[in-house]
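The values are calculated or read from the model by the stated rules, or taken from the named source; none is laboratory data. Just so it is clear, the model here is predicted, and its values are computed rather than measured. Glycine also receives a Cβ, built like all others from the backbone with ideal geometry; neighbour counts cover every protein chain displayed. Protein only, heavy atoms only, side chains kept; ligands, DNA and RNA dropped before computing areas. Shrake-Rupley method; radii C 1.70, N 1.55, O 1.52, S 1.80 Å.
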Amino acid sequence: MANESRIRNLNARTIDLNGEWHLSSQDQSVRVKATVPGQAHLDLIQANVLKEDPYYGINYVKDSMRKLIETTWVYEKDFFLDDSMVYAIAILDCEGLDTIATITLNGERVGCTQNQFRRYLFDVGAFLKPGPNILRIQFEDAVKHAKKKAAAYPYYVPDMFNMSTAQHGFPHRNFIRKEQCSFSWDWGPAFAPCGIWRPISLKLDEQGILVKSWYLKTSYKAIRDAWEVQIHLELVCDRDQNLVAKLRFDKGLPATEHQLMVTAGQCTTEHSFFVELSPVNRWWPRGYGEPTLYSVEVTLLNDNASTVASHIFQCGFVESELIQDPLTEGRDGESFNFRINGVDMFAKGTNWIPGHVFDRMMTMEQKRSLLQSCVAANMNMIRIWGGGRYESNEFYRICNELGIMVWQEFMFACALYPTNDEFLENIRQEVSDQTKRLMVHPCIVLWSGNNENQEFIVKGWDKATVRNPYLFTVDYHKLYVETIMSSLNKLDTSRPFISTSPSAGVICKTPYTERYVLQDSERGLYGDVHFYDYKHNGLHVEHYPNARFVSEYGAQSMPSFRAWRKISSPDDWHPLSTLSVHRNHHKSGQLEMLEQIEHQFQLPAALSKYYHANFKDVSEILIDISENLFDLFCYLTQCVQARSIVNQTEHYIRGRSEDRRTMGALYWQLNDIWPAPTWSSIEHGGRWKPLHYYIKHSFADVLVSGYQPAKTRSLRIHISNDRSTPIEGQLFVRSYDITSGQATTSTSVSFTVNSHSSELVMQVTSDLLGDDGALAPRLLLATAKITSKVCNKTYEMLPQIFPVRDPFLLACLKKDPGISVVELVVREGALRSEYQIHITLQSLSIAGFVCLEWDRDGVEGYFDENAFWLLPEEPKAIIFYGKGDMSAVDTQKSDLQIRSLSDALHCASTLETLLF
Ligand code: BMA
């Protein structure tokens, strides 16, 4: 596996400046040890200066926390340069400073920075001295800086701050090139941290040459029908000379050698050559082939034929296209789909946000584990959303290896931005730095300019944009097309670019001319869509959009009670407690979740009080039993979220073969930045919510899905085939009376479904189920047995409660379904750090949404299935894939928490007894 440490520059001596530093407040009232890379908050916690946990309760808005932002923090490092060190060139390489910083070396001003996302290289030869040196980096208050910039700007540029009081954040984030969500988001807190957040080093040449940066890009060139490999170097040299670059690929690709001319001073040199198609194995997204990667070593020799530097890249060969062409067969509108290596692909995935406020707090292992969870849930794409940060090279290498396609946004979101010369120049540099760094990664299949900034203007999210859309549209074009797109195109045209998401498509690609506005009748016919509906029942399909590609859609849920317990006290354990409401940064989010529970299950009576009555009236009475109730609330929110989002996902997957021609579903959002009520499918810390288990089902290569159209009493069952060969087989449907647990009907039908398409296979009507006008709720199970030669597998539909659209009365279930663990065996896995727990469960009567969870710290991993139904007399075998220390598992069954819908009923009736 390639990693950062393999990147080396043989000849330059690199003085690693990471590790121990000192951090002090400008007035010297605080002075602590610091760790670089990092951010000041972390050092203050480490030194016990910051005593409160920033993630606990509402600490994040407390004065002690906010004062940190207002302080000017100074990082200092002493380092020693040996007398014998002779150098002609010395570069201070800052890979990431967050954000407004002034750098001095031995008291001399080296420079200043104003962009968290840029790599700053300073020539420091004139300031270094033999013996001890002091490097000092001073950080300004980011919030104050942004405010100052906004005030000095000739006109108001909106950032949605007025609309987001529930976020408890800071305004004017659009005036600073800093992670936008660090000023708060509707799922995250505002800490506006500062610090040396990425590695820092000093580079000295030895023979008069220093390579500052190495870049490599591979792209398919149709005119040559071959792969072009471009190598790009940025150097500093003490004289003009001829260099030789030798490239050695692994896996049998031919070695090459190239002459490069370099001139004295700062210079860049570029060289490209072609590799024939035949020896190359392409990088394929998962599900379509192997994500083949190549390693290539570039060695530079000087005119004395001695090696002056070398570097190893991991690269791949892939053709990425985004097809936005008129539809054939007389259909209106245009397609929006990814064509990778010539194959049209349905994008199945999710949206990625920063995994922790303080980047260092999230290890690469944790990021890898999240990406592996995407693979485990059958995804092939993630969208790195524009309000967060560009991830490290290692992150993209993991995506390369796992075959996950990346939709990469530039870091602009939910705001309009200034467009003065200073700002635009800053952006040009940012785009150039990030493109050069990232373009080597085959996983990146799309560059996108921003998140929702065009929609901001078109939908008039702020009075200013309603009053003067022209001004903001001109600014928009200047920033995303004239600045970002043109800076990007100078470096990389091998992948498609879109200016924004959601989009209304382009009228013309050259010159890039966007449609901007869609008429009502054109909605969903062009571009991609973001869709949120918090009002209607999430199971009512007619409210979902008809769209070519849905790059965001989501519903909120609580984190698990186990996670919530760690950041709260018993007083906070109410759906509408101060903390619950405060930490849900989406206004009215708590009530909306209650409403969804009401829509889908009808609220247990006690929860209903929260929803319908004035909360304060009942809070006192409920305090003693709130733990149970709150735990139940968290569980129910997760059940309704899972149901809503998979129903929607499956609607989009079926849409591939319908008039909608949908070719992508990326739900909002994979992960969390902290424990809070959000849209995530995996909570902060890595625990899968039921949604993640359900999504795994929806994104399988063959999907059996059912839905109940509006105004019908039928369930339509479709089979969607994402495989590249047709499938045939038999679909079996069984139904059970939920109240009695008795099997009622069974039927079957044979089917054939073409490759990459979706077919209606069966229509289950209430007649078939024996509807006499007062149908008791049925549990419908469907199994597709595929008998094609290349695929001999069985796929299940997610169990459906029929009628799907009616709220399901929990009272139909037995109060105690009698679930028991028949067997629990722990087995070592193939790797030492992996193990499996095999569990067999059974139940005396029907049990719905049976959720398993380990009630013990240190047990990490996921089950192969969760939130499932148990039928009487049908034992179910479940596997838990554990990671880490196996001894953390207590094989006593007491650690295994089992919950089902009946607990909601049980809890509700207990509460009722207590209340009335
Ligand atoms: C979308 C995203 C995010 C946001 C999410 C949920 O619009 O782009 O900005 O967090 O909705 O509201």
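For region 293-438, the gyration tensor built on C-alpha atoms gives a rounded shape. Its axis ratio a/c (a ≥ b ≥ c) stays under 1.5.
Toward the positive end of the charge dipole of the chain, about the Cα centre and with charges on Cβ (Lys, Arg +1; Asp, Glu -1), which of V143, H585, L322 goes farthest? Farthest towards the positive pole: L322. Entry note, the chain: the mean residue ellipticity at 222 nm calculated from DSSP H runs of n ≥ 4, each adding -39500 (n - 2.57), is -6000 deg cm²/dmol after division by the residues and rounding to the nearest 500.
Counted residue by residue at 0.36 nm each, then reduced by the alpha carbon distance between them, the extension gain from D225 to L327 reaches 34.0 nm. In terms of packing, defined here as the mean over residues of other Cβ atoms within 10 angstrom, the peptides 125-136, 97-108 line up highest first as 97-108, 125-136.
Modelled spin-label separation between S757 and I879, with each label point placed 7 Å from Cα along the Cα-to-Cβ direction: 3.4 nm.
If a/c stays under 1.5 just call it rounded; otherwise compare a/b with b/c (prolate if a/b is bigger, oblate if not). Do that for region 137-200, with a ≥ b ≥ c from the square roots of the Cα gyration tensor eigenvalues. Judged from the Cα gyration tensor, region 137-200 comes out oblate (a/c at least 1.5, b/c at or above a/b). The spacing between region 29-65 and region 415-443, judged by their C-alpha centroids, is 31 Å.
Of the whole protein surface, S894 contributes about 90 Å² of accessible area at a 1.4 Å probe radius.
Given R0 = 35 Å, the distance between the Cβ atoms of F79 and I312 translates into a calculated FRET efficiency of 0.80. Sorting 750-762, 845-857 by their mean Cβ neighbour count within 10 Å, with the most densely packed peptide first, gives 845-857, 750-762.
Summarising the amide proton neighbourhood of L844: residues at separation of 5 or more, or on other chains, whose placed amide H is nearer than 5 Å comprise G818, I819.
Charged neighbours of T649, selected by a Cβ distance under 14 Å, balance to +3 (K, R count +1; D, E count -1). Residues whose amide H lies under 5 Å from that of G664, counting only those 5 or more places away or on a different chain, are A347, V550; hydrogens are built 1.01 Å from N in the peptide plane. Ranked by the mean number of other Cβ atoms within 10 Å of their residues, highest first, the peptides 795-801, 287-293 fall in the order 795-801, 287-293. Couplings for region 517-531, taken from phi via the Karplus curve 6.51 cos²θ - 1.76 cosθ + 1.60 with θ = phi - 60°, read 10, 10, 6, 3, 6, 9, 4, x, 8, 9, x, 10, 10, 10, 9 Hz in order; Gly and Pro are left as x. Ligands, DNA and RNA left out, the 1.4 Å accessible surface of the chain is 50% carbon and sulfur atoms.
The aspartates and glutamates within cross-link reach of K814, meaning a Cα-to-Cα straight distance under 14 Å and a gap of 8 or more places when in the same chain, are D737, D903. In a fully extended conformation the segment linking Q259 and H536 would gain 93.2 nm over its present Cα-Cα distance, using 0.36 nm per residue. Scaling against 2.2 N^0.38 Å puts the C-alpha radius of gyration of the chain at 0.99.
For E860, the residues whose amide H sits under 5 Å from its own are K883, ignoring neighbours fewer than 5 places away on the same chain, with H placed 1.01 Å from N. With a/c under 1.5 counting as rounded, go ahead and sort region 808-882 into rounded, prolate or oblate using the C-alpha gyration tensor (a ≥ b ≥ c being the square roots of the eigenvalues; past the cut-off, prolate if a/b is larger than b/c, else oblate). Verdict is prolate for region 808-882.
Given a 1.4 Å probe and the protein chains as shown, D659 ends up with an accessible area of around 110 Å². Charges were assigned to the Cβ only: +1 to each Lys and Arg, -1 to each Asp and Glu. The resulting dipole of region 136-262 about its Cα centre is roughly 260 debye.
Model label sites at E365 and D857, defined 7 Å from Cα along the beta-carbon direction, differ in position by 1.6 nm. Computed extension length for A830-K129: 247.0 nm, one decimal, from 0.36 nm per residue of separation with the Cα-Cα distance subtracted.
Rounded to whole numbers, the Karplus 3J(HN,Hα) couplings from phi for region 493-504 are 10, 7, 10, x, 10, 10, 6, 7, 9, x, 9, 10 Hz, using 6.51 cos²θ - 1.76 cosθ + 1.60 with θ = phi - 60°, and x at Gly and Pro. Positive contributions from Lys and Arg (+1) and negative ones from Asp and Glu (-1), summed over other residues with Cβ under 13 Å from the Cβ of K246, come out at -1.
The residues of the chain have, on average, 38 Å² of accessible surface per residue, using a 1.4 Å probe with all protein chains present. Per-residue surface analysis assigns L424 an accessible area of about 10 Å², computed on protein heavy atoms at 1.4 Å probe radius. Label sites at K478 and K587, each approximated as a point 7 angstrom past Cα along Cα to Cβ, lie 3.0 nm apart.
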